[in-house]
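*Asks:* Take a look at this one; I'll ask things after.
The values are calculated or read from the model by the stated rules, or taken from the named source; none is laboratory data. Keep in mind the model is a prediction, meaning the values are calculated, not measured. Because the Cβ atoms are built from the backbone with ideal geometry, glycine has one as well, and the counts that use them run over all protein chains shown.
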Amino acid sequence: MGTLIESRGRRFGRYVLLGHLADGGMASVYLAQLRGNNQFAKWAALKVVHPRHAGNERFRKMFITEARIVAQIDHPNVATVFDCGEDSGTYYLAMEYLSGQTLRKVAQQAVLRDRPVPLPLAARIIADAASGLHAAHELKNDHGDSAGIVHRDVSPHNIFVLYSGGTKIMDFGIAFSNERSDDEHTEIDELKGKIAYMSPEQLQRFPIDRRSDVFSLGIVLWELVSGSRLFKRRTEGEVALALMRGEIEAPSTVRHDCPPELDRIVLKALARKPEDRYETCADFAADLEEFIISTGRAAGAQMVREYMHELFADEIEEHSTSLRKASEIVKQVESSELELTTTASQDAPTIEVASVRPPQRGSRPIVWLAAGVVIAASALGVWRALQWVETADVAAAGSTPAVHVASPPEPEPEAAPALDAEGAEEVAAAVADDVEPAGEVEDEELAAPEASEGRARRPRGRGAQRAPTSVRETAAAAPAREAPREATVERAPSASTASASGPRPMTEFE
């Protein structure tokens with residue numbers, strides 16, 4: 001199959017389109033590569049619906065049904081469909097990529113090179129195709145009933161011979177199936193097949209079954225053996241008339257080395273009455289296998305491979321070169337996409353949310369400065385509280401009415417800089433994360449001296465007189481003295497207070 005590789009690949013969903021393979025009445029086929037994670041890659045033949053059918057709902061259903069039907073046929077002689085989908089309104093199905101040529105190209109090349117297809121190899125190719133068709137005919141639905149598949153377009157164009165020697169049946173686009181809806185069948189009936197390869201009942205639009213495909217495959221075998229067309233005429237009307245009434249001669253009348261056994265097999269497949277043909281493609285294939293054995297010559301995939309390499313040596317080399325070129329184009333496409341992604345990520349703005357990322361040690365000086373201010377303010381408040389307690393003890397120790405000497409006003413501590421919500425959360429997070437727990441306990445002890453337990457501090461040293469045992473005794477000894485005004489300790493909020501509300505939820509960040 002010739003492949004026209006494009007100079008630049010283009011994205012189509014999960015695939016990279018790389019070149020054109022073929023055109024049909026319903027769709028075009030492209031060489032593509034499926035790309036996945038971990039450098040996963042798979043060559044594919046991507047069948048893409050023509051734009052003129054994009055808005056046709058019945059055609060869309062028919063196309064999807066084709067993919068669903070073929071995906072269920074698991075046989076080595078049927079081209080595998082492994083994906084189906086839609087991208088920007090264009091429907092596609094992905095088939096395994098086949099390295100080889102259509103049987104039409106094989107027959108043409110055999111005539112051009114004057115190398116007729118050896119009869120055992122012709123029987124091998126058609127027997128493999130019959131096995132693939134039989135697998136399709138035997139397909140059952142989920143309920144165990146026959147799906148009733150009839151290919152309806154069996155021709156040299158839809159039989160593919162691999163360079164490796166295998167044979168595949170392709171293109172179930174107009175296949176009949178019990179799984180299709182009535183409107184799908186109507187759409188199919190409106191599409192023209194290849195009249196020169198139709199069975200008489202199909203041409204007359206009579207009910208058909210698998211024996212219709214037997215007749216079509218018989219035409220293909222006749223032409224492959226003889227090297228000429230069976231129903232070729234000047235007009236389609238003449239083709240139809242010859243197919244319905246024309247005499248079908250044995251292939252040996254054209255190719256004289258064709259043995260009677262092969263004549264018999266071909267003519268049985270071409271019986272105009274369905275009941276006179278092979279009942280199944282499996283029966284057809286079995287007789288061809290018997291013929292191959294009777295020739296005494298090997299006719300396996302290896303023999304077909306050697307024949308294909310003899311006919312298509314130049315094409316095989318070109319095919320390998322095309323795949324290498326296509327691989328390089330895929331790398332270029334992915335490199336361009338990676339560059340665009342990297343550029344976009346660098347240009348994108350970065351948003352930092354302080355409440356959800358704890359500060360790193362040494363990375364936020366403003367946090368440590370704010371934390372130091374809070375701790376210093378707390379210590380100053382504690383020191384002023386201790387000064388008031390010492391003053392009260394000294395006043396209580398005197399025998400004469402104590403005169404309260406007010407301490408000179410201490411300079412007001414500089415107010416801590418106001419912190420916004422984000423700064424407060426950073427301070428709380430820094431203190432909670434980095435201040436040792438022991439420091440928090442010591443602060444609590446300093447903030448609650450022994451006076452809180454009902455005892456006043458006693459001055460120690462020589463000359464000290466006995467002080468009243470309690471604040472009440474002092475008050476009784478000096479009834480006229482005005483009780484000292486309680487010192488007000490203004491404490492800065494501790495770390496535990498600052499973080500009491502906890503970090504703000506992520507959903508609340510501004």
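*Asks:* Of all residues in region 289-315, which are buried (at least 16 other Cβ atoms within 10 Å of the Cβ) and under 40 Å from the mean Cα position of the chain (by Cα)?
*Replies:* Scanning region 289-315 gives 304, 305, 308, 312, 315.
*Asks:* Select from region 105-119 the residues that are among the hydrophobic types (A, V, I, L, M, F, W, C) and buried (at least 17 other Cβ atoms within 10 Å of the Cβ) and list them in ascending order. Walk me through how you get there before you give the answer.
*Replies:* The first filter runs over region 105-119 and keeps only residues among the hydrophobic types (A, V, I, L, M, F, W, C), leaving 106-107, 110-112, 117, 119.
Once the filter is applied, which keeps residues that are among the hydrophobic types (A, V, I, L, M, F, W, C) and buried (at least 17 other Cβ atoms within 10 Å of the Cβ), region 105-119 yields 106, 107, 110, 117, 119.
*Asks:* Residue under question is residue 98, and the condition is that it be surrounded by fewer than 22 Cβ atoms within 10 Å (Cβ to Cβ), in contact with a Phe, Trp or Tyr (Cβ under 6 Å, 6 or more places away or on another chain) and not charged (D, E, K, R); does it hold? Steps first, answer last, please.
*Replies:* Numbers: surrounded by fewer than 22 Cβ atoms within 10 Å (Cβ to Cβ): yes; in contact with a Phe, Trp or Tyr (Cβ under 6 Å, 6 or more places away or on another chain): yes; not charged (D, E, K, R): yes.
Yes.
*Asks:* Could you list, in sequence order, the residues of region 59-81 that are crowded, with 20+ Cβ neighbours inside 10 Å, out of contact with any Asp or Glu (no Cβ under 8 Å at 6 or more places or on another chain) and at pLDDT below 85?
*Replies:* 63, 66
*Asks:* Sort out which residues of region 161-175 are among the aromatic types (Phe, Trp, Tyr) and crowded, with 23+ Cβ neighbours inside 10 Å, and write them in order of number.
*Replies:* Just the residues of region 161-175 that are among the aromatic types (Phe, Trp, Tyr), to begin with: 163, 172.
Across region 161-175, the qualifying residue is only 172.
*Asks:* Okay, next question. For region 210-221, check the following and say yes or no: at least one residue is modelled with pLDDT under 95, surrounded by 15 or more Cβ atoms within 10 Å (Cβ to Cβ) and either among the basic types (Lys, Arg) or outside any loop (DSSP other than H, G, I, E, B) (or both). Quick ask: steps written out before the conclusion?
*Replies:* Our first condition is that a residue be modelled with pLDDT under 95; within region 210-221, this holds for none.
No, region 210-221 contains no residue that is modelled with pLDDT under 95, surrounded by 15 or more Cβ atoms within 10 Å (Cβ to Cβ) and either among the basic types (Lys, Arg) or outside any loop (DSSP other than H, G, I, E, B) (or both).
*Asks:* Looking at 269, 282, 286, which is the one that is within 48 Å of the chain's Cα centre (by Cα), farther than 23 Å from residue 201 by Cβ and at pLDDT 95 or above? Outline the logic, then answer.
*Replies:* On the way: 269 fails: farther than 23 Å from residue 201 by Cβ; 282 fails: farther than 23 Å from residue 201 by Cβ.
Going through 269, 282, 286 in turn, the sole match is 286.
*Asks:* Only one of 260, 207 is without any contact (Cβ under 8 Å) to a residue 60 or more places away in the chain, farther than 20 Å from residue 110 by Cβ and within 44 Å of the chain's Cα centre (by Cα). Can you tell me which? I'd like the intermediate steps shown before the answer.
*Replies:* Values: 260 fails: within 44 Å of the chain's Cα centre (by Cα).
It is 207.
*Asks:* Filter region 271-287 down to the residues that are of a type in the set (Asp, Glu) and outside any loop (DSSP other than H, G, I, E, B), then identify the one that is surrounded by the most Cβ atoms within 10 Å (Cβ to Cβ). Step through it out loud before you land on a result.
*Replies:* Step one: of region 271-287, the residues of a type in the set (Asp, Glu) are 275-276, 279, 283, 287.
If we keep only those that are outside any loop (DSSP other than H, G, I, E, B) too, we end up with 275-276, 283, 287.
Working: 275: 7, 276: 12, 283: 16, 287: 19.
My answer is 287.
*Asks:* Right, next: Here are some conditions: (1) closer than 26 Å to residue 177 by Cα; (2) touching a residue at least 24 places away in the same chain (Cβ under 8 Å). Residue 11 meets all but one. Which one does it not meet?
*Replies:* Among (1) closer than 26 Å to residue 177 by Cα; (2) touching a residue at least 24 places away in the same chain (Cβ under 8 Å), the lone unmet condition for residue 11 is (1).
*Asks:* Is at least one residue of region 360-373 modelled with pLDDT of 90 or more and aromatic (Phe, Trp, Tyr)? Show your work before the answer.
*Replies:* Filtering region 360-373 for residues modelled with pLDDT of 90 or more gives none.
Within region 360-373, not a single residue is modelled with pLDDT of 90 or more and aromatic (Phe, Trp, Tyr).
*Asks:* Considering only residues that are among the β-branched types (Val, Ile, Thr) and closer than 29 Å to residue 136 by Cα, which ones fall in region 238-286? Reasoning before the result, please.
*Replies:* Within region 238-286, the first condition is being among the β-branched types (Val, Ile, Thr), and the residues that meet it are 239, 248, 253-254, 265-266, 280.
Answer for region 238-286, where residues must be among the β-branched types (Val, Ile, Thr) and closer than 29 Å to residue 136 by Cα: 239, 248, 265, 266, 280.
*Asks:* Here's another thing I want to ask about it. Here are 111, 81: which of them is among the aliphatic types (A, V, I, L, M) and under 27 Å from the mean Cα position of the chain (by Cα)?
*Replies:* 81
*Asks:* Kindly list, by first and then second residue, each pair from a residue in region 274-299 that is farther than 13 Å from residue 214 by Cβ to a residue that is at pLDDT below 95 and small (Gly, Ala, Ser), limited to pairs with Cβ atoms under 6 Å and residues at least 6 apart or on different chains.
*Replies:* 292/299
*Asks:* If you don't mind, there's one more thing I want to ask. Does region 270-282 contain at least one residue that is under 18 Å from residue 169 (Cα atoms) and not polar (S, T, N, Q)? I'd like the intermediate steps shown before the answer.
*Replies:* Here is the first cut: in region 270-282, the ones under 18 Å from residue 169 (Cα atoms) are 280-282.
Next, from what is left, pick out any that are not polar (S, T, N, Q): 281-282.
Looking for residues that are under 18 Å from residue 169 (Cα atoms) and not polar (S, T, N, Q), one finds at least one in region 270-282, hence yes.
*Asks:* Which numbered condition trips up residue 5, out of (1) within 24 Å of the chain's Cα centre (by Cα); (2) over 19 Å from residue 173 (Cβ atoms)?
*Replies:* (1)
*Asks:* On to the next question. Does residue 90 meet the test of being at pLDDT below 95 and not assigned by TED's automatic domain parsing to the domain that holds residue 217?
*Replies:* Yes, satisfied.
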